[in-house]
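Engineer: Before I ask anything, let me first share the structure, which is written out below as structure tokens.
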Amino acid sequence: MPQYDYDLFTIGAGSGGVRASRWAANLGARVAVAEERYLGGTCVNVGCIPKKLFAYAAHFQEDFGDAAGYGWQPGKASFDWSTLVANKDREIARLNGIYERLLKGSGVEIFRARATVVDPHTVEIDGKRATTGHILIATGGWPVKPSIPGADLAFTSNEAFHLTELPRRVVVVGGGYIAVEFASIFNGLGVDTSLVYRGPCLLKSFDADLGRFLGEQMAQKGVRVLYQRNVTRIDGGGVLKSTLTDGAMLESDGVMFATGRAPNTHGLGLERAGVKLAPGGAAIVDEVFQTSVPTIHAIGDAVDRMQLTPVALAEGMVVAERLFGRGERKISYDNVATAIFSHPNVGTVGLSEAQARDRGFDVAIYRSTFTPLKHTLSGRGEKVLMKLVVDKKSDRVLGVHMVGAEAGEVIQGFAVALQCGATKKQFDATIGIHPTSAEEFVTMREPVV
Ligand SMILES: Cc1cc2nc3c(=O)[nH]c(=O)nc-3n(C[C@H](O)[C@H](O)[C@H](O)COP(=O)(O)OP(=O)(O)OC[C@H]3O[C@@H](n4cnc5c(N)ncnc54)[C@H](O)[C@@H]3O)c2cc1C
């Protein structure tokens with residue numbers, strides 16, 4: 001008789017939890033997973049996937065406008081929010097089904113309920129207890145609202161995907177990737193959009209040129225970008241009145257807070273079981289994601305290293321391999337490429353200019369801004385930014401950054417080059433694809449700094 005009911009009990013069937021559970025089951029472990037809300041977690045239900053579908057929807061308005069310069073005369077366009085939401089929900093239901101089938105197909109038992117930790121080998125689900133050799137905390141994160149008067153009148157990204165009506169005017173608060181993506185979505189869908197950010201430059205954790213340039217491009221597309229201001233209170237029932245730190249007041253029909261996310265570790269019984277948490281609630285883990293309790297591991301947004309789906313997946317595989325495989329898999333957080341699906345897109349991999357300087361590199365900076373071919377005829381005035389950060393001593397390319405259409409698609413390939421330690425000479429020796437925007441990355445010859 002096995003000592004425990006399961007070898008692994010995963011709490012949370014999001015990106016990391018599903019991957020770790022399936023991987024562990026495929027390695028022969030007896031696995032169960034508990035999910036209290038939705039299979040697939042944040043990414044599938046209220047994150048990456050619906051967000052990108054909305055971003056596509058929001059881009060059509062520009063596409064219709066751009067067509068005129070190419071001789072097309074599209075009819076009068078109209079947009080129906082409820083159709084978009086219903087179609088998005090249908091696609092997500094399909095993905096939920098796929099996740100269920102994947103888990104069941106791997107032999108993972110699914111509990112559709114909240115689970116908590118009772119002790120290092122016991123979990124509680126719906127009042128019933130189960131014993132397990134190991135527990136994996138994969139509970140993700142949750143949006144945080146600032147505590148200001150009227151904060152409950154505002155919504156977060158969670159609710160943004162299910163608004164019954166599209167607001168006519170919206171105030172988005174924040175300067176990170178979720179804020180700029182939603183400001184772009186609302187603006188593209190024809191909503192009068194203000195973006196209020198307390199800092200001087202958007203996207204503060206990325207290369208400063210990206211945030212500065214993106215802010216200019218978004219403003220040019222019609223987003224009212226208000227820097228160095230914050231919302232101090234929200235009043236009203238129908239029309240919302242947001243008071244800003246400079247005393248100004250913005251009227252809108254919706255206020256969205258995109259002011260950060262906190263690890264979803266509250267009330268899980270972790271402290272009681274002896275798991276140490278950081279002040280913000282993140283589970284403290286070592287390089288193989290073990291917490292202060294040897295039988296309890298934690299991954300993904302619950303440990304708050306890099307809040308990205310592919311990172312949660314990679315961390316999940318490290319844990320499964322460590323517990324039930326050969327334990328050789330490791331994860332490196334260097335050169336993790338990421339994209340922001342604002343309009344225009346941002347794509348980035350490697351070190352920002354400031355990070356490179358902070359780490360003591362003597363850097364050469366290559367930067368180019370230009371009008372992409374498409375917009376010569378569309379007359380849109382949208383520009384592209386490309387930037388390379390190069391270590392002068394070794395000639396290695398340390399960072400590749402872009403603002404422009406499909407930046408994520410472009411940067412993914414450059415991430416492989418950086419992972420291989422590509423030098424600027426190798427970039428220069430690469431023959432470009434013409435005519436593309438991406439070819440600029442292999443034709444920038446003169447450093448600007
Ligand atoms: C608006 C938005 C856009 C995003 N866009 C991108 C993007 O474009 N690209 C990208 O890489 N990342 C994106 N992310 C981040 C990405 O979604 C997360 O990094 C990723 O989902 C983290 O995976 P996870 O497994 O840690 O947690 P999650 O996917 O959040 O899964 C955690 C799961 O645990 C469940 N749970 C929590 N507590 C319990 C409990 N006690 N019992 C049972 N179940 C529980 C939750 O219901 C949830 O389903 C986005 C996030 C948001 C909010």
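The values are calculated or read from the model by the stated rules, or taken from the named source; none is laboratory data. What you see is a predicted model; the values in this text were computed from it and never measured. Heads up, the Cβs are rebuilt from the backbone with ideal geometry, glycines too, and the neighbour counts pull from every protein chain shown. Protein only, heavy atoms only, side chains kept; ligands, DNA and RNA dropped before computing areas. Shrake-Rupley method; radii C 1.70, N 1.55, O 1.52, S 1.80 Å.
Engineer: For the condition in a helix (DSSP H, G or I) and farther than 22 Å from Ala160 by Cβ, what is the one hit in Ser82, Ser21?
Structural biologist: Ser21
Engineer: For the range 91-117, which positions are touching a residue at least 60 places away in the same chain (Cβ under 8 Å) and open to solvent by less than 50 Å² (accessible area, probe 1.4 Å)?
Structural biologist: Within the range 91-117, the first condition is being touching a residue at least 60 places away in the same chain (Cβ under 8 Å), and the residues that meet it are 99-100, 102-103, 106-117.
Hits for the range 91-117 are Leu103, Ser106, Val108, Ile110, Ala113, Ala115, Thr116, Val117.
Engineer: Next question. Can you give me the number of residues within the range 418-438 that are surrounded by 15 or more Cβ atoms within 10 Å (Cβ to Cβ) and out of contact with any strand residue (DSSP E or B) (no Cβ under 7 Å at 6 or more places or on another chain)? Reasoning before the result, please.
Structural biologist: Restricting attention to the range 418-438, the residues satisfying the condition of being surrounded by 15 or more Cβ atoms within 10 Å (Cβ to Cβ) are 418-419, 422-424, 426-427, 437-438.
After this cut, where a residue has to be out of contact with any strand residue (DSSP E or B) (no Cβ under 7 Å at 6 or more places or on another chain) as well, the list is 419, 426, 438.
Number of matching residues: 3.
Engineer: Follow-up. If you check Phe64 against the conditions, is it assigned to a loop (DSSP other than H, G, I, E, B) and open to solvent by 10 Å² or more (accessible area, probe 1.4 Å)?
Structural biologist: Judged against the criteria, Phe64 is not a match.
Engineer: Now a separate question. Give the residue, chosen from Val18, Val33, that is within 8 Å of the ligand (Cβ to nearest atom), within 12 Å of Ser106 (Cβ to Cβ), buried (at least 24 other Cβ atoms within 10 Å of the Cβ) and under 28 Å from the mean Cα position of the chain (by Cα).
Structural biologist: Val18
Engineer: Which numbered condition in (1) within 11 Å of the ligand (Cβ to nearest atom); (2) part of a loop (DSSP other than H, G, I, E, B) is the only one that Asn96 fails?
Structural biologist: It is condition (2) that Asn96 fails.
Okay, residues lined up against (1) within 30 Å of Tyr197 (Cα to Cα); (2) within 14 Å of the ligand (Cβ to nearest atom); (3) assigned to a strand (DSSP E or B); (4) modelled with pLDDT of 95 or more:
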| residue | (1), (2), (3), (4) |
| --- | --- |
| Ala77 | no, no, no, no |
| Glu91 | no, no, no, yes |
| Leu102 | no, no, no, yes |
| Ala113 | no, yes, no, yes |
| Glu124 | no, yes, yes, yes |
| Ile135 | no, yes, yes, yes |
| Thr164 | yes, no, no, yes |
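Engineer: May I pose another question? Which pairs turn up if I take residues in the range 118-146 that are within 20 Å of Ala20 (Cβ to Cβ) and look for partners that are open to solvent by 50 Å² or more (accessible area, probe 1.4 Å) and acidic (Asp, Glu) with beta carbon separation below 7 Å, at least 6 apart in sequence or on another chain?
Structural biologist: Ala130/Asp5; Thr131/Asp5; Thr132/Asp5
Engineer: Residues in the range 137-160 that are open to solvent by less than 20 Å² (accessible area, probe 1.4 Å), more than 8 Å from the ligand (Cβ to nearest atom) and either among the hydroxyl-bearing types (Ser, Thr, Tyr) or within 30 Å of Met317 (Cα to Cα) (or both): how many?
Structural biologist: Number satisfying all stated conditions: 2.
Engineer: So, restricting to strands (runs of 3 or more DSSP E) that lie completely within the range 237-295, which ones have at least 1 residues that are touching a helix residue (DSSP H, G or I) at 6+ places or on another chain (Cβ under 9 Å) and away from the ligand (no atom under 13 Å from the Cβ)?
Structural biologist: 240-244, 254-257
Engineer: Next question. Test Gly247 against the criterion of being surrounded by fewer than 23 Cβ atoms within 10 Å (Cβ to Cβ), at positive phi and touching a residue at least 60 places away in the same chain (Cβ under 8 Å), and give yes or no.
Structural biologist: Judged against the criteria, Gly247 is not a match.
Engineer: Then there's this: Which of (1) within 13 Å of the ligand (Cβ to nearest atom); (2) farther than 25 Å from Leu313 by Cβ does Val44 not meet, given it meets every other one?
Structural biologist: (2)
Engineer: Can you pull out the residues in the range 48-57 that are near the ligand (Cβ under 6 Å from one of its atoms) and over 11 Å from Phe182 (Cα atoms)?
Structural biologist: Within the range 48-57, Cys48 is the sole residue that qualifies.
Engineer: Another one. Kindly indicate whether Thr83 is modelled with pLDDT of 95 or more, more than 17 Å from Ser157 (Cα to Cα), more than 15 Å from the ligand (Cβ to nearest atom) and out of contact with any Ser or Thr (no Cβ under 7 Å at 6 or more places or on another chain).
Structural biologist: Spelling it out, Thr83 is indeed modelled with pLDDT of 95 or more, more than 17 Å from Ser157 (Cα to Cα), more than 15 Å from the ligand (Cβ to nearest atom) and out of contact with any Ser or Thr (no Cβ under 7 Å at 6 or more places or on another chain).
Engineer: Tell me the residue from Leu268, Leu203, Leu226 that is buried (at least 18 other Cβ atoms within 10 Å of the Cβ), at positive phi and of a type outside the set (Ser, Thr, Tyr), please.
Structural biologist: Leu203
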